[in-house]
Amino acid sequence: MNKILVTGGCGYIGAHTIVDLIQNGFDPISIDNNSRSTPALLAGIKDITGVTIKNYKVDLSNFDEAYAVFQENTDIKGIIHFAAYKAVGESVEKPLMYFENNLFSLINVLKCANEFNIPHFIFSSSCTVYGSPDKIPVTEDTPTQPAESSYGATKQMGEEIVRDVTKAGELQSVLLRYFNPVGAHASALIGELPLGKPQNLIPAITQTAIGKLKEVTVYGNDYPTRDGSCIRDYVHVCDIAHAHTLALQYLIEKKNKEKSEIYNLGTGNGVSVLEAIHAFEKVSNHKLNYKIGARRPGDIMAIYANNSLAKDKLGWIPKYSLDEMMDTAWKWELKLKQDEALHNNPNFQMN
Ligand code: WQD
């Protein structure tokens with residue numbers, strides 16, 4: 001089986017991608033220093049697939065530590081690089097921490113890929129690179145704009161680094177620009193584990209509904225959109241995960257025309273904040289406590305994808321609806337609460 005290195009494999013998208021890779025016959029290993037994740041999702045992966053994933057708890061921004069993992073696994077056939085900090089607000093306060101972690105990690109992984117002649121590389125990029133687009137939906141040719149945050153800058157620089165290293169060497173790469181990944185695996189055994197108060201909308205909704213948070217603040221309803229709230233392209237995390245498997249197969253089967261190719265991963269449907277809230281209320285049968293607040297600095301008004309290139313070239317067809325995104329996100333939140341209750345239960349015996 002093809003051994004695939006997933007960096008950030010204990011994270012939200014990383015864990016869902018590992019499940020999809022296993023179910024498509026790959027043999028994943030993970031490198032994750034758990035600075036922004038816990039090994040908890042590895043247990044969920046085992047429950048879903050029966051496979052115990054080996055995670056190397058290594059800081060990729062330390063070259064020697066990263067190199068040692070590659071020395072121990074000289075049969076790695078491909079790399080999917082997720083490992084990065086991704087909190088937009090934090091990146092504005094701590095730019096150097098973001099540039100050091102996100103770029104040093106990427107550069108070290110690419111150096112090892114060259115050193116060990118690993119042919120295939122998938123880079124986790126983001127719609128953030130488009131900034132606030134003049135025209136939507138955005139295609140892969142839509143010009144990128146100056147990043148609004150250091151997080152976005154690391155994604156733009158990351159894309160340039162991957163493309164230049166690909167051009168100069170033997171590597172073949174695919175850069176995947178995620179829109180807004182949401183939801184959880186249907187089993188509710190893996191999902192998003194935001195650290196602290198969630199910045200993203202969907203976990204803020206589910207944590208409010210479950211009672212962890214008092215209310216959701218809608219950051220502005222005075223935008224020139226159909227209902228005044230911002231529009232985004234929410235896409236189920238399992239659809240995002242499957243796109244990585246398809247991109248890997250695409251490179252392995254040498255279907256790529258260019259050495260490095262870029263794909264938008266969005267559903268192509270724009271959904272407003274208020275529409276997302278109402279969809280959640282419908283599927284959860286739960287009246288959500290929310291209020292209208294001030295706009296959030298750095299937010300763009302609207303963005304959603306033209307995803308026809310990923311469909312045509314990778315054969316990627318996102319299959320989860322907005323209702324399924326909300327339903328799986330809610331079921332995951334309910335499972336977390338159930339597990340919490342179980343673990344807090346004095347009669348609960350760890351087996
Ligand atoms: C979505 C909408 C908020 C929280 C981020 C990253 C991006 C990508 C996806 C990685 C916005 C509104 C939110 C809340 C709200 N991540 N909102 N109340 O900012 O579109 O993108 O996640 O690739 O890089 O920037 O996602 O979920 O934070 O916000 O009204 O409590 O929900 O204003 O309009 P965002 P988000």
Task: Residues (touching a Lys or Arg at 6+ places or on another chain (Cβ under 6 Å) and among the small types (Gly, Ala, Ser)) located in region 111-162 - done: Ser125, Ser126
Open item on the list: Residues that are modelled with pLDDT under 95 and either open to solvent by less than 80 Å² (accessible area, probe 1.4 Å) or among the β-branched types (Val, Ile, Thr) (or both): does region 267-278 have at least one?
Closed with: no
Task: Enumeration of residues in region 300-338 that are closer than 30 Å to Lys255 by Cα and hydroxyl-bearing (Ser, Thr, Tyr) - done: Tyr304, Ser308, Tyr320, Ser321
Open item on the list: For region 88-128, give me the residue count where each residue is of a type in the set (Phe, Trp, Tyr) and away from the ligand (no atom under 15 Å from the Cβ).
Closed with: 4
Task: Condition check for Lys135: of a type in the set (D, E, K, R), open to solvent by less than 20 Å² (accessible area, probe 1.4 Å) and either touching a residue at least 24 places away in the same chain (Cβ under 8 Å) or farther than 25 Å from His16 by Cα (or both) - done: no
TODO: Could you please find all residues in region 240-266 being closer than 16 Å to Asn306 by Cα and either touching a helix residue (DSSP H, G or I) at 6+ places or on another chain (Cβ under 6 Å) or buried (at least 24 other Cβ atoms within 10 Å of the Cβ) (or both)?
DONE: Ile240, Ala243, Tyr263, Asn264, Leu265, Gly266
TODO: Report whether or not Phe70 is open to solvent by less than 30 Å² (accessible area, probe 1.4 Å), at pLDDT 95 or above and within 19 Å of the chain's Cα centre (by Cα).
DONE: no
Open item on the list: The conditions are (1) within 19 Å of Val237 (Cα to Cα); (2) hydrophobic (A, V, I, L, M, F, W, C); (3) out of contact with any helix residue (DSSP H, G or I) (no Cβ under 6 Å at 6 or more places or on another chain); (4) buried (at least 19 other Cβ atoms within 10 Å of the Cβ), and Ala302 fails exactly one of them. Which is it?
Closed with: (1)
TODO: Could you grab the pairs with beta carbons closer than 9 Å, sequence gap of 6+ or different chains, first residue in region 292-304 and without any contact (Cβ under 8 Å) to a residue 12 or more places away in the chain, second one open to solvent by 60 Å² or more (accessible area, probe 1.4 Å) and more than 9 Å from the ligand (Cβ to nearest atom)?
DONE: Pro297/Val92
Open item on the list: Among the residues of region 189-212, what is the count of those that are open to solvent by 10 Å² or more (accessible area, probe 1.4 Å), more than 10 Å from the ligand (Cβ to nearest atom) and modelled with pLDDT of 95 or more?
Closed with: 6
Open item on the list: Filter region 230-255 down to the residues that are touching a Lys or Arg at 6+ places or on another chain (Cβ under 8 Å), farther than 21 Å from Ile303 by Cα and not basic (Lys, Arg) and list them by number.
Closed with: Tyr250, Ile252
Open item on the list: For region 213-229, give me each residue that is open to solvent by 10 Å² or more (accessible area, probe 1.4 Å) and not polar (S, T, N, Q).
Closed with: Leu213, Lys214, Glu215, Tyr219, Asp222, Tyr223, Pro224, Arg226, Asp227
Task: Within region 269-289, considering residues that are touching a residue at least 12 places away in the same chain (Cβ under 8 Å) and away from the ligand (no atom under 16 Å from the Cβ), the one farthest from Lys311 (Cα to Cα) - done: His286
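Looking at region 1-20 only, could you name the residues that are in a loop (DSSP other than H, G, I, E, B), surrounded by 24 or more Cβ atoms within 10 Å (Cβ to Cβ) and of a type in the set (A, V, I, L, M, F, W, C)?
Cys10
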- [ ] Kindly establish whether Ser61 is of a type in the set (Gly, Ala, Ser), modelled with pLDDT of 95 or more and surrounded by fewer than 21 Cβ atoms within 10 Å (Cβ to Cβ).
- [x] yes
Task: Matching entry among Ile240, Ile252 (being among the aliphatic types (A, V, I, L, M), in contact with a strand residue (DSSP E or B) (Cβ under 8 Å, 6 or more places away or on another chain) and near the ligand (Cβ under 10 Å from one of its atoms)) - done: Ile240
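The values are calculated or read from the model by the stated rules, or taken from the named source; none is laboratory data. Owing to the predicted nature of the structure, the values given are computational and were not obtained by experimental measurement. Here the Cβ is made from the backbone with ideal geometry for all residues, glycine too, and neighbour counts use every protein chain on show. Remember, those area values only see protein heavy atoms, side chains included, never the ligands or the DNA or RNA. Shrake-Rupley method; radii C 1.70, N 1.55, O 1.52, S 1.80 Å.
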